[in-house]
Amino acid sequence: MSHAYLDNAATTPVAPEVAEAMMEVHRSVFGNPSSTHAPGRKAKALVETSRRRIAELLNVPPRTICFTSGGTEADNHAIQAAVGCLGVTRIVTSAAEHSAVIKASEVAGQVDRIEVVHVGHHADGTVDLDALANVLKASDAKTLVSLMHANNEVGVMVDLARISALCRAHGAYLHSDTVQSMGHYPMDLAELDVDFLTCSAHKFHGPKGTGFLYVHPTIRIDGMIVGGGQERMLRGGTENVAGIVGLTRAFDLAHAHMSTHESHIRGLKAKMVQGLKSRLPEVVFNGDSDREDRLYTVLNVKFPKHPNGGMAVFLLDLEGIACSGGSACSSGATMGSHVLRALGFHDPDRASVRFSFSRYTTEADIDRALEAVTKVFGTQPAGSKA
Ligand code: PLP
């Protein structure tokens, strides 16, 4: 029997419609979009139709969409461009950001001597917006604020409109890593005033290795990857035509059925929350990830103290449940979670496990997960000193 896949914040399975659209490109469109002959023009048309469709769904001009190899590249590009092209000398971000943002900011700090400020969080894991306002007020330095819309580990969200208003009031640029929320929440960028947004296709049933950086129409930046001048000089390199088509098909599907997917996922998450609470009354949801106003695809559970805690993800895997205990590094080893540490949720005595859901998750997956949790954690009486 295959695994119940509850690690959709790490990646989602590719939708069959997406795979089919990509196969069609592989079968019939091989031209280089930069070539001027007919096969090249056919490929170029696919790239530009995709760009227009994504722009339409976000309510922005097509030229604001720069296709990338995914979220990591888009995060790096936004931060490097803010420093290199917009004269930013201070980055205000958070220790709970994805490592793409944390490390790109660190590099800017080390190489470009940029001041990097980490804004604080409330006890529930949400960003302290009063602290952000104070940081912005405290200095005239040209600033980039980079704060993720939805945290990939504990699901806390920020009010991007409020942050945008703060940034505008203090003349700061705003980047948001929207990797976990794009394709799951509607975004109208004619309304939401941000300078850069990051998107990654594989978080909403698109292919890995594709995404885009949204760049506000009034902003002029250079490419981070230089070469043949593709993407209007913003990103050199022959375009990943099939990937771009797959990204667009996935984005389209996500938007066409967004509220149906959302209510399906919220129903399953509520079932998981109830099932966990009734089996193990001592469970805690890190970042209050069971709350309605948290990212609905993510539930981060702190289990009661138990001898199996240290091996929880491994034991759940043996029981047929794919879930996560922290950010997976490239070797696949779990490194522990910088997010849980940064937000004060880390407890060496209690295992924290992230379960994350998608439109393909079923009630049977949740039942299996609850059974597995009972096997792994249910043998110890609550409050045990083990
Ligand atoms: N930002 C967030 C919040 C993520 O969850 C991820 C993926 O795990 C990334 C960035 C990186 O995206 P990609 O895997 O497309 O490079």
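The values are calculated or read from the model by the stated rules, or taken from the named source; none is laboratory data. Everything quoted here is computed from the prediction, not taken from an experiment. Cβ sites come from the backbone with ideal geometry, for glycine too, and all protein chains shown count toward neighbours.
For the reader, a short list of remarks on this structure follows.
- Residues (more than 8 Å from the ligand (Cβ to nearest atom), within 22 Å of residue 187 (Cα to Cα) and in contact with a Cys (Cβ under 9 Å, 6 or more places away or on another chain)) located in the stretch 211-225: 212, 213, 214, 215, 219
- Total residues in the stretch 54-90, condition in contact (Cβ under 8 Å) with a residue 40 or more places away in the chain, more than 16 Å from the ligand (Cβ to nearest atom) and in contact with a helix residue (DSSP H, G or I) (Cβ under 7 Å, 6 or more places away or on another chain): 5
- Answer residue from the stretch 279-330, given it is part of a loop (DSSP other than H, G, I, E, B) and among the hydrophobic types (A, V, I, L, M, F, W, C) and is surrounded by the fewest Cβ atoms within 10 Å (Cβ to Cβ) among those: 329
- Candidate set from the stretch 1-16 (those that are over 14 Å from residue 359 (Cα atoms) and away from the ligand (no atom under 16 Å from the Cβ)); member that is modelled with the highest pLDDT: 3
- Flag if residue 131 is hydrophobic (A, V, I, L, M, F, W, C), assigned to a helix (DSSP H, G or I) and more than 22 Å from residue 222 (Cα to Cα): yes
- Within the stretch 91-111, the residues that satisfy the criterion of being crowded, with 22+ Cβ neighbours inside 10 Å and not in a helix (DSSP H, G or I) are 91, 92, 93, 94, 96, 97, 98.
- The single condition from (1) surrounded by fewer than 16 Cβ atoms within 10 Å (Cβ to Cβ); (2) outside any loop (DSSP other than H, G, I, E, B) that residue 171 fails is (2).
- Yes/no for residue 196 being surrounded by 24 or more Cβ atoms within 10 Å (Cβ to Cβ), within 16 Å of the ligand (Cβ to nearest atom) and over 23 Å from residue 49 (Cβ atoms): yes
For every residue, the table says whether it meets (1) modelled with pLDDT under 95; (2) among the polar types (S, T, N, Q); (3) over 21 Å from residue 71 (Cα atoms).
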position	(1), (2), (3)
87	no, no, yes
96	no, no, no
99	no, yes, no
103	no, no, no
107	no, no, no
138	no, no, yes
141	no, no, yes
146	no, yes, no
149	no, no, no
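- Only one of 51, 27 that is away from the ligand (no atom under 16 Å from the Cβ), at pLDDT 95 or above and either assigned to a strand (DSSP E or B) or more than 26 Å from residue 189 (Cα to Cα) (or both): 27
- For the stretch 30-42, filtered to residues that are free of Cβ contacts under 8 Å to residues at least 24 places away in the same chain and not in a helix (DSSP H, G or I), the residue that is surrounded by the most Cβ atoms within 10 Å (Cβ to Cβ) is 31.
- In the stretch 143-175, residue farthest from residue 84 (Cα to Cα) [restricted to those that are touching a Phe, Trp or Tyr at 6+ places or on another chain (Cβ under 8 Å) and away from the ligand (no atom under 15 Å from the Cβ)]: 167
- Test result for residue 182, within 16 Å of the ligand (Cβ to nearest atom), surrounded by fewer than 23 Cβ atoms within 10 Å (Cβ to Cβ) and not basic (Lys, Arg): no
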